[in-house]
Amino acid sequence: MGLTPRPEHRVVEYNPTSQEGWVATRLDFLVNWGRANSLWPMPFGTACCAIEFMATAASRFDLARFGMERMSFSPRQADVLICAGRVPFKLAPVIRRIWQQMPQPKWAIAMGACASSGNIFDNYAVVQGIDTIIPVDVYVPGCPPRPEGLMYGIMLLQEKVKRERMNDKTIRAEMEPDPKSQLYIPAPVIDELSEPFGNSVHQTRSGL
Amino acid sequence: MSDAFEIQYAGSALGNAPAPVTPRNVPNRGGEPNPSAAALREQFGDAIQRVEVVWGVTNVYVRPERALDIVRWLHDDSSQRYDYLSDVTAVEFRDMDAPIEVVWHLRSLPFRRELRLKAQLPKNKPLEIASVWSIYKCADWLERECFDMFGVRFVGHPDLRRILMWEQYREGFPLRKDFPLRGRFSRAEQLRQALAANPEARYSMEELSIADAFEDLPTEMRKRLQGGERTGE
């Protein structure tokens, strides 16, 4: 399938020049092991992707195998924001507020093409990818993705969690939006990210 | 406001007529028009501009200034009894000179009739038409949506403001043909304006004017509100 093999995370590399000792790396391993296997997801389901997400959580695919069976409907007790579905501009401040309410450590999964890039909804009402509002760790492609796809994304996120190091201070840096515009990435970058591509360049009929 | 609730059975005005069957081989144009169209012609004369049958549904084009009277008559008259308004919407055509059509979909449950009323609003004049809210209360949100998307002002509507787009939306009316698909502003500007909204603001500016009436509230409600309690939760 062209997927890269996952590295063996159990082997913690020891760098003699760093300040990390055996205890710190072992503690990292323990903490990351605990975190990765009990991620509490905050489901932000707005469209059909949420149906696939429910299927993933149901008995056949069973998110409990990843320690994620406890849906956290309060953002204050959640670890992972799973945005499943398209986000209209009217919901942009809501998902931003939910993200800000989640305590560290926290991660975000953009599930499906709409949450990742806006999909076919290249129109006046839909946010072109939630990464223009909040930082995203894992993008799951698909329209909607199969439960296996979401589980693969979750396993990638677990790998990411397991490779975190405590002495990396940048990991827990909170996103700081610009107080004036409330954007956390520069406006020209957002415009460039939201440029139409593929067939959608033919959709504008403003010359009528 | 209304009398005792009375159950309306579909087809109750038709006596013992057999239950309708699903029509087959419906022609695109032509066919048996709804008998209400002839009754409308008789009742309103010139106000009825054109009657046509499209896919088995009768379209009646009416003069915009008489639309409210016509809808009221269709609702009140005992031989029509259009008691259900299923939709209010508008149509704009790609021909820039063609007028915008406001469309009402009316249903008569007792007579099992479906009627589509259309009123043409020329574009060189303000897009205004009388609201049918005084007849059908369900027209409230339908007309708000039509106003939000097309900019048609419904005169007499009690609370005509945007319903789908947010209150501060400044880009225009999205379903108009001169509206670019991606909106008028850049993506960053759209996002900036969207993020500037307060997600906890449940009330529009109009509704917030109730704060002016704070002193008139009952004492115990004032006390609760001063203690930080919010309504709407």
Among the residues of the stretch B:27-38, what is the count of those that are surrounded by 10 or more Cβ atoms within 10 Å (Cβ to Cβ), modelled with pLDDT under 90 and within 19 Å of B:R112 (Cα to Cα)?
1
Just one of B:V53, B:V60 is part of a strand (DSSP E or B), under 17 Å from B:V102 (Cα atoms) and either of a type in the set (V, I, T) or touching a helix residue (DSSP H, G or I) at 6+ places or on another chain (Cβ under 8 Å) (or both); which is it?
B:V60
Out of the stretch B:175-191, which residues are over 28 Å from the mean Cα position of the chain (by Cα) and more than 7 Å from every other protein chain (Cβ to nearest Cβ)?
B:F185, B:E189
Has the stretch B:137-151 got at least one residue that is surrounded by fewer than 16 Cβ atoms within 10 Å (Cβ to Cβ) and either modelled with pLDDT of 95 or more or hydrophobic (A, V, I, L, M, F, W, C) (or both)?
yes
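Return the only residue of B:N25, B:N16 being farther than 20 Å from B:S79 by Cβ and free of Cβ contacts under 8 Å to residues at least 60 places away in the same chain.
Numbers: B:N16 fails: farther than 20 Å from B:S79 by Cβ.
None of the others qualify; the one that does is B:N25.
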Please find, within the stretch A:104-153, the residue that is modelled with the lowest pLDDT out of those that are of a type outside the set (S, T, N, Q) and on the phi > 0 side of the Ramachandran plot.
A:G118
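Going through the stretch B:117-168 one residue at a time, which ones are of a type in the set (A, V, I, L, M), touching a residue at least 40 places away in the same chain (Cβ under 8 Å) and over 24 Å from B:D76 (Cα atoms)? If you could, list the steps in order and put the result at the bottom.
We begin by selecting, within the stretch B:117-168, every residue of a type in the set (A, V, I, L, M); these are B:117, B:119, B:121, B:127, B:129-130, B:132, B:135, B:139, B:142, B:149, B:152, B:155, B:160, B:163-165.
Next cut, touching a residue at least 40 places away in the same chain (Cβ under 8 Å) only: B:117, B:119, B:121, B:129-130, B:132, B:135, B:139, B:142, B:149, B:152.
Within the stretch B:117-168, B:L121, B:M149, B:V152 meet the criteria.
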Selection over the stretch A:150-187 where residues are more than 14 Å from chain B (Cβ to nearest Cβ) and not in a loop (DSSP other than H, G, I, E, B) yields a count of 13
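From the list B:V88, B:V53, which one is of a type outside the set (S, T, Y), within 21 Å of the chain's Cα centre (by Cα) and within 28 Å of B:L175 (Cβ to Cβ)? Working first, answer last.
On the way: B:V53 fails: within 21 Å of the chain's Cα centre (by Cα).
Residue meeting the stated conditions: B:V88.
Being crowded, with 21+ Cβ neighbours inside 10 Å and either of a type outside the set (F, W, Y) or over 27 Å from A:V31 (Cα atoms) (or both) narrows it down to one of A:M71, A:M151, A:M111, so name that one. Walk me through how you get there before you give the answer.
Details: A:M71 fails: crowded, with 21+ Cβ neighbours inside 10 Å; A:M151 fails: crowded, with 21+ Cβ neighbours inside 10 Å.
Selected residue: A:M111, the only one of A:M71, A:M151, A:M111 that is crowded, with 21+ Cβ neighbours inside 10 Å and either of a type outside the set (F, W, Y) or over 27 Å from A:V31 (Cα atoms) (or both).
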For the stretch A:73-93, state whether one or more residues are assigned to a helix (DSSP H, G or I) and away from chain B (no Cβ under 14 Å).
yes
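Would you mind stating whether A:A55 is more than 14 Å from every other protein chain (Cβ to nearest Cβ), in contact with a helix residue (DSSP H, G or I) (Cβ under 8 Å, 6 or more places away or on another chain) and outside any helix (DSSP H, G or I)? It would help to see each step written out before you state the result.
Values: more than 14 Å from every other protein chain (Cβ to nearest Cβ): yes; in contact with a helix residue (DSSP H, G or I) (Cβ under 8 Å, 6 or more places away or on another chain): yes; outside any helix (DSSP H, G or I): no.
It is false that A:A55 is more than 14 Å from every other protein chain (Cβ to nearest Cβ), in contact with a helix residue (DSSP H, G or I) (Cβ under 8 Å, 6 or more places away or on another chain) and outside any helix (DSSP H, G or I).
The values are calculated or read from the model by the stated rules, or taken from the named source; none is laboratory data. None of these values were measured; they are calculated from a predicted model. As a convention, Cβ positions derive from the backbone with ideal geometry for all residues, glycine included, and neighbour counts pool all protein chains shown.
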